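Below is one structure, written out as structure tokens, with a few remarks after it.
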Amino acid sequence: MPGAKKIMVNEYQSTYSPNTPKIKKQMLSDIGVDSYKNLFSDIPEKYRFPELNLPAPTSELDLKNELSKIANKNSTPGDYSSFLGAGAYRHFIPSVVKQITSRSEFMTSYTPYQPEVSQGTLQAHFEFQSMVCELTDMEVANAGMYDGATSAAEAVLMACRVNKKLKVEIVGTVSPLYTDVITTLTQATGIEISYNNIETILQNNNDEAPACYVIQQPNFLGEISDLDQLKLLSNKNNALLIVISEPMFLSMYQTPSYYNADIVVAEGQPFGVSLAYGGPYAGLFACKKDYIRQLPGRIVGETIDSKNKKGYVLTLQTREQHIKRERATSNICTSVGLIALMSTVYMALQGKKGLKYLSELCYHKSHYAAAKINNLPGFELQTNNFFKEFAISCPIPVKEVNEYLHENKIIGGYDISNFIKNGMLLAITEMNSKEEIDNLITLLSQVKPL
Amino acid sequence: MKNSNIRKLLMDRSIEGKVGATMPSIDVPLQTLPNKKFLRENLAMPEVSENEIVRYFSSISQMNFSIDHNFYPLGSCTMKYNPKLNDDIAGFPGFNEIHPLQNIDTIQGALEIMFDLQNILAEITGMSGTSLAPMAGAEAELAGMLMIRAYHRNREDFKRKKVIIPDSAHGTNPASAVMAGFEVISIPTDTNGNTDLEALKNVVDASTAGLMLTQPSTLGLFDTNILEVVKIINSNGGLIYGDGANLNAILGKVKPGEIGFDLVHSNLHKTFTQPHGGGGPGAGAIMVSDKLIDFLPDPIVTKDKIDKFDLSKPQKSIGKMGAFHGNFGALVRAYSYIRTLGKEGINNISEDAVINANYLRIKLKDTLDLPYDRICSHEVVFSAKTIKEKYGVNALDIAKRLIDYDIHPPTMYFPLIVEEALLVEPTETESKETLDEFIETVKTICEEAKTNPNLLHNAPHNTPNTRLNEALAARNPKLNWRNTIEEAN
Amino acid sequence: MYPENLKYSEEHEWLLENNGIATIGITSFAVESLGDIVFIELPQTGTEITQFSTFGEVESVKAASEIYSPISGKIIEINEKLETEPELLNNSPYEDGWLIKVEISDNSEFKKLMTAKEYESFVNAGS
């Protein structure tokens, strides 16, 4: 439209900064300077007011249009059937979760440093800790870590503090996405990590005991480990047993406390949190109460106020960096409050029956699919005892299988060729209808070696 | 809240048989379940109906103070307005529902946003490379410290085991440095609030790996010794890490990379807004100069000649900071924020934040002590030392009394080096009218300190709880349903 | 204001000597500056400790402070009551709130400690 630019005002006025140039002028005069520039005179002159090469301001309408086009370049589960898991899972999120967590009282409050005006967040965190304790059947839980992998790494660091040792054994097939993070976070600590399978460890009685054993249950390939073996492992030495698990699995299967785990961590995302390309998520972190003073992260505790009324506060804060600084249990500060709240509301909604039902539903669907795939020529099921995720081997490279599936509006499984030749990891949840599963099987049956 | 039931926890509301969500139908033939010994017997989750759950969470939410409610001048935390547009954009299905392990060809839109954000942050900070992998400021600090370690080791210089940190720093700085294997050397702040140069010279030697500096500092002051500091560290072969927690004070006014910082992080959730959600989640981008690019955390987003984006691992990367690629949802919000404001708006942030803080400084300097009487940046540190000596009312009492006037307290007792500190950060999104109201309120409270100190000692008066017994909570921790207090009425 | 029969260190510990055994605690000044004590971490009996090096930690709600031994020797007893009643330190720093008992290994170390009067002026000088 010719001349449209004329409606722009000359002086930029942000919608987010309310003070107009006229008001600012008055404030500057109260401060006793002529220009805002005087307020930046502490910056060395040579480097003051550099050119900032950024795009011009954009209106809400224009930006929404532009970014929705960019968003639409992605293939979105929902438009596609998706069988991708490997640590992040697509589960149904009831409407209430978003509605509650969008309340500005929850969304736009900060860390509850002032408990008298933060009881909403604190009480919700207490519910979260309680539910995580029930889910994992452990005695204490914190208010959440960044994600499942950093929870696992912090668990390793914690076990090394508890046992005052620098040796860690990772047992069996733990997700490389997790071991990578454990490696990063321990690289400067002198912690030595070794990888072994459980049989070797149970047979070996010579080596010095490590600070901890780290297992994943079910493991990266979906395999559920034998509980009696895990009991033996937890009784071996004085090493702590760290279990990396998954919340939907924990809803149905024997809990890690059954085989005497010391620390249980998990990715909380499957419970009410969108996939969002990998984050933000919330890491669950629970343990035996003996280790409470070595816990990383925020913890909410119950107490009473000066009028004897029950209330909640952040507690055991001396563990944390803002007090103990270089001697803190972790450097973590920003938490995952809002994400933990999503999982809290999710667990409240599904409740005792819902979680049991949903986990069994995932079980039935995935076992239905696995049996059918195993019957396809050239395909073979690679996981024996599994819950909702299992590995298969394909007759041709996974990349090619997935390309074919994508052409047919399916996001296939995760490529695990470096574990199993032509291996694919498939996750099946309540989001995958029988129709979708049958369609996947039909398409896979068309995949044949050249 | 009149509903006296509000404090009743979900488990105490549970009645057998109630359901809170509908269950999808089973459309596949039932499969044989595993042997019972593999299954758990009981899952003690509450049974509450949907309406009751909605009402419960809505009710408890109302016990919170939030930025959408009123002024939240929590120093060092940058509690500014969170634009709603950002949440909508992050909620686009094409961003919100994509899986982190999807094939690269199917997530080009997501990578495009990340690539653009990497470049924008490098431009704003005057750096050469960015990784968006860290999931919070402290994780970015850790990444930065690990990079400094890797850099020196790569040069086969294994002696550099110390990191120097001023005593005014956030606690995350020393904690992160220790996680990266360094010994922390704390140095004092001089009487003007700058780095004490003599003290710095005394501790710098061939074992110095680097310096962590918050600029402007947690005292809300831009260190006028900065060029000297850079010279001292650089000439000894150390690197300079900039804690960008207070980046909002200098956006467009100076680029840390240009004055000699080798690394700087941004708490995207603060400077570039993200609903704080009761303490998180956040996102912590790390920006570095040329010589550190190869050490950046995994991944970074790269673009090839045919404009295809990819996730890449830098050659000598310190590794992965989380299972996936950073807090993408927070990155989208930061990106949306930056694009909305653009060049003019970003420049305005620092200008407006600094005007607001200095306005409070001038207007309240006769009411509270001002330990550093000079132009401040985006926040100003006051002290209640005189009031405490005169009337026995401390910073905590003043903070709690503000609650009675429906204003969130400033940060108290931080920085640790200021006695009875009250660190006030108004942010750029507050109007002069709001600031004037705050000024009047603080004056009223300081008057009350003289005339009726008990009003302050017992504040706040109208909150769901009065002051809580934190000692009791820590001595005998009750951390879940299984272990709660019987209310004494 | 500080008990005359005790010896004091600059790190605010006190010591009571009796037949070669030192009872050690922290001073009322230290307790007051920490506030409500919520947790005390002590080593096991049998641990050898040296003068002016740390042997434990005391925590209040919002502060954590290391405890330094005023004397070298072997720990023969720790105050186990503190595990469940850390508030004893607030209520009775010089009696019920004692921390450890130590078999003194070097009597000459006493001269590096202060008398009550010296400690008082040390505190007043603004340590």
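Give the range B:386-441 a look and list any residue that's out of contact with any strand residue (DSSP E or B) (no Cβ under 6 Å at 6 or more places or on another chain), surrounded by fewer than 17 Cβ atoms within 10 Å (Cβ to Cβ) and polar (S, T, N, Q), or say none.
Answer for the range B:386-441, where residues must be out of contact with any strand residue (DSSP E or B) (no Cβ under 6 Å at 6 or more places or on another chain), surrounded by fewer than 17 Cβ atoms within 10 Å (Cβ to Cβ) and polar (S, T, N, Q): just B:SER431.
Could you list, in sequence order, the residues of the range B:126-156 that are of a type in the set (Gly, Ala, Ser) and either crowded, with 24+ Cβ neighbours inside 10 Å or not assigned by TED's automatic domain parsing to the domain that holds B:ASN173 (or both)?
Within the range B:126-156, B:SER131, B:ALA133, B:ALA136, B:GLY137, B:ALA138, B:ALA140, B:ALA143, B:GLY144 meet the criteria.
Check B:ILE240, B:ILE300, B:ILE293 and return the single one that is at pLDDT 95 or above, closer than 30 Å to B:ASP190 by Cβ and of a type in the set (A, V, I, L, M).
Every option except B:ILE240 fails the conditions.
Could you tell me whether any residue of the range A:366-378 is facing chain B (nearest Cβ under 7 Å) and either of a type outside the set (Ser, Thr, Tyr) or in a helix (DSSP H, G or I) (or both)?
Checking the range A:366-378: at least one residue is facing chain B (nearest Cβ under 7 Å) and either of a type outside the set (Ser, Thr, Tyr) or in a helix (DSSP H, G or I) (or both).
State whether one or more residues within the range B:125-136 are part of a helix (DSSP H, G or I) and within 22 Å of B:ILE286 (Cα to Cα).
Within the range B:125-136, one or more residues are part of a helix (DSSP H, G or I) and within 22 Å of B:ILE286 (Cα to Cα).
Quick check: anything in the range B:104-111 free of Cβ contacts under 8 Å to residues at least 40 places away in the same chain, part of a loop (DSSP other than H, G, I, E, B), at the interface with chain A (Cβ under 8 Å from one of its Cβ atoms) and in contact with a Leu (Cβ under 7 Å, 6 or more places away or on another chain)?
No, the range B:104-111 contains no residue that is free of Cβ contacts under 8 Å to residues at least 40 places away in the same chain, part of a loop (DSSP other than H, G, I, E, B), at the interface with chain A (Cβ under 8 Å from one of its Cβ atoms) and in contact with a Leu (Cβ under 7 Å, 6 or more places away or on another chain).
Give me the pairs: first residue in the range A:365-377 and closer than 17 Å to A:ILE396 by Cβ, second residue assigned to a loop (DSSP other than H, G, I, E, B), beta-carbon distance under 9 Å, and six or more apart or on different chains, which are they?
A:ILE373/A:PHE379; A:LEU376/A:PRO395; A:LEU376/A:VAL447; A:PRO377/A:PRO395; A:PRO377/A:LYS448
Only one of (1) touching a strand residue (DSSP E or B) at 6+ places or on another chain (Cβ under 6 Å); (2) in a loop (DSSP other than H, G, I, E, B); (3) more than 7 Å from chain A (Cβ to nearest Cβ) is not met by B:LEU101, so which one is it?
(3)
Please list, ordered by residue number, the helices (runs of 4 or more DSSP H) wholly in the range A:128-210 having 2 or more residues that are more than 10 Å from every other protein chain (Cβ to nearest Cβ) and touching a strand residue (DSSP E or B) at 6+ places or on another chain (Cβ under 8 Å).
Because the criterion is at least 2 residues that are more than 10 Å from every other protein chain (Cβ to nearest Cβ) and touching a strand residue (DSSP E or B) at 6+ places or on another chain (Cβ under 8 Å), the helices (runs of 4 or more DSSP H) in the range A:128-210 that meet it are A:148-163, A:198-203.
Conditions first: (1) surrounded by 19 or more Cβ atoms within 10 Å (Cβ to Cβ); (2) out of contact with any Leu (no Cβ under 7 Å at 6 or more places or on another chain); (3) in the same structural domain as B:SER217 (by TED's automatic domain parsing); (4) not hydroxyl-bearing (Ser, Thr, Tyr). B:LEU117 passes all but one, so which condition is the exception?
Here B:LEU117 meets the rest and fails (2).
Those residues that are more than 7 Å from every other protein chain (Cβ to nearest Cβ) and not aromatic (Phe, Trp, Tyr), I need them from the range A:301-329; list them, please.
Answer for the range A:301-329, where residues must be more than 7 Å from every other protein chain (Cβ to nearest Cβ) and not aromatic (Phe, Trp, Tyr): A:LEU314, A:ARG319, A:GLU320, A:ARG327, A:THR329.
Residues that are in contact (Cβ under 8 Å) with a residue 60 or more places away in the chain and more than 23 Å from A:ASP305 (Cα to Cα): which helices (runs of 4 or more DSSP H) entirely in the range B:403-489 hold 2 or more of them? Give the derivation first.
On the way: elements: B:432-451, B:453-457, B:470-475.
It comes to B:432-451.
Here is a list: B:ILE300, B:ILE318, B:ILE306, B:ILE293. Which entry is within 30 Å of A:ARG48 (Cβ to Cβ) and assigned by TED's automatic domain parsing to the domain that holds B:PRO134?
Answer to the selection: B:ILE293.
In this structure, is A:SER359 at pLDDT 95 or above, over 30 Å from B:GLY279 (Cα atoms), surrounded by 23 or more Cβ atoms within 10 Å (Cβ to Cβ) and among the polar types (S, T, N, Q)?
It is true that A:SER359 is at pLDDT 95 or above, over 30 Å from B:GLY279 (Cα atoms), surrounded by 23 or more Cβ atoms within 10 Å (Cβ to Cβ) and among the polar types (S, T, N, Q).
Could you check the range B:217-238 and list, in sequence order, the residues that are surrounded by fewer than 23 Cβ atoms within 10 Å (Cβ to Cβ) and among the small types (Gly, Ala, Ser)?
Passing the criteria: B:SER235, B:GLY237.
Can you tell me which residue among A:GLY412, A:GLY351 is modelled with pLDDT of 95 or more, under 26 Å from A:ASN74 (Cα atoms), of a type outside the set (A, V, I, L, M) and over 20 Å from the mean Cα position of the chain (by Cα)?
Values: A:GLY351 fails: under 26 Å from A:ASN74 (Cα atoms).
Among A:GLY412, A:GLY351, only A:GLY412 is modelled with pLDDT of 95 or more, under 26 Å from A:ASN74 (Cα atoms), of a type outside the set (A, V, I, L, M) and over 20 Å from the mean Cα position of the chain (by Cα).
Which of the following residues is outside any loop (DSSP other than H, G, I, E, B) and basic (Lys, Arg): A:LYS25, A:LYS73?
Step by step, each of A:LYS25, A:LYS73 is checked, and only A:LYS25 is outside any loop (DSSP other than H, G, I, E, B) and basic (Lys, Arg).
Is it the case that A:THR76 is free of Cβ contacts under 8 Å to residues at least 24 places away in the same chain, under 30 Å from A:GLN217 (Cα atoms) and not assigned by TED's automatic domain parsing to the domain that holds A:SER433? Spell out the reasoning first.
Values: free of Cβ contacts under 8 Å to residues at least 24 places away in the same chain: yes; under 30 Å from A:GLN217 (Cα atoms): yes; not assigned by TED's automatic domain parsing to the domain that holds A:SER433: yes.
Yes.
For B:ASN64, only one of the following conditions fails: (1) surrounded by fewer than 22 Cβ atoms within 10 Å (Cβ to Cβ); (2) touching a residue at least 40 places away in the same chain (Cβ under 8 Å). What is its number?
(1)
Checking A:SER251 against (1) within 11 Å of chain B (Cβ to nearest Cβ); (2) within 21 Å of B:LYS320 (Cβ to Cβ); (3) of a type in the set (Ser, Thr, Tyr); (4) in contact (Cβ under 8 Å) with a residue 40 or more places away in the chain: exactly one of these is not met. Which one?
(2)
Name, by its number, the condition in (1) surrounded by fewer than 22 Cβ atoms within 10 Å (Cβ to Cβ); (2) more than 7 Å from every other protein chain (Cβ to nearest Cβ); (3) in contact (Cβ under 8 Å) with a residue 60 or more places away in the chain; (4) of a type outside the set (A, V, I, L, M, F, W, C) that does not hold for B:ARG333.
Against the list (1) surrounded by fewer than 22 Cβ atoms within 10 Å (Cβ to Cβ); (2) more than 7 Å from every other protein chain (Cβ to nearest Cβ); (3) in contact (Cβ under 8 Å) with a residue 60 or more places away in the chain; (4) of a type outside the set (A, V, I, L, M, F, W, C), B:ARG333 comes up short only on (1).
Assess whether A:ASN19 counts as being surrounded by fewer than 20 Cβ atoms within 10 Å (Cβ to Cβ) and either within 7 Å of chain B (Cβ to nearest Cβ) or assigned to a helix (DSSP H, G or I) (or both).
So A:ASN19 fails the test.
Among what's in the range B:262-283 and is part of a strand (DSSP E or B) and more than 8 Å from chain A (Cβ to nearest Cβ), pick the residue that is farthest from B:LYS84 (Cα to Cα).
Narrowing the range B:262-283 to residues part of a strand (DSSP E or B): B:263-267.
If we keep only those that are more than 8 Å from chain A (Cβ to nearest Cβ) as well, we get B:263-266.
Details: B:LEU263: 31, B:VAL264: 28, B:HIS265: 25, B:SER266: 21 Å.
If we take residues in the range B:262-283 being part of a strand (DSSP E or B) and more than 8 Å from chain A (Cβ to nearest Cβ), then B:LEU263 is farthest from B:LYS84 (Cα to Cα).
Cβ-Cβ below 6 Å, separation at least six or inter-chain, first residue in the range B:201-229 and closer than 20 Å to B:GLY244 by Cα, second polar (S, T, N, Q) and not in a loop (DSSP other than H, G, I, E, B): which pairs?
Hits for this filter: B:MET212/B:ASN173; B:PRO216/B:ASN246; B:ASP223/B:THR195; B:ASN225/B:THR195; B:VAL229/B:THR195.
Pick from the range B:20-59 the residues that are of a type in the set (D, E, K, R) and in a loop (DSSP other than H, G, I, E, B): which of them is farthest from the other protein chains (Cβ to nearest Cβ)?
Going through the qualifying residues, I end up with B:GLU41.
In the list B:MET114, B:MET135, which residue meets the criterion of being modelled with pLDDT of 95 or more, in contact with a Phe, Trp or Tyr (Cβ under 9 Å, 6 or more places away or on another chain) and facing chain A (nearest Cβ under 7 Å)?
Going through B:MET114, B:MET135 in turn, just one is modelled with pLDDT of 95 or more, in contact with a Phe, Trp or Tyr (Cβ under 9 Å, 6 or more places away or on another chain) and facing chain A (nearest Cβ under 7 Å): B:MET135.
Looking at the structure I just gave you, is A:LEU444 assigned to a strand (DSSP E or B) and either more than 28 Å from A:ILE93 (Cβ to Cβ) or at pLDDT 95 or above (or both)?
Working: assigned to a strand (DSSP E or B): no; either more than 28 Å from A:ILE93 (Cβ to Cβ) or at pLDDT 95 or above (or both): yes.
Considered against the rule, which asks whether it is assigned to a strand (DSSP E or B) and either more than 28 Å from A:ILE93 (Cβ to Cβ) or at pLDDT 95 or above (or both), A:LEU444 comes out as no.
The values are calculated or read from the model by the stated rules, or taken from the named source; none is laboratory data. If you're wondering where the values come from, they're calculated on a predicted model, not measured in any experiment. Cβ atoms come from the backbone with ideal geometry, glycine included; neighbour counts cover every protein chain shown.
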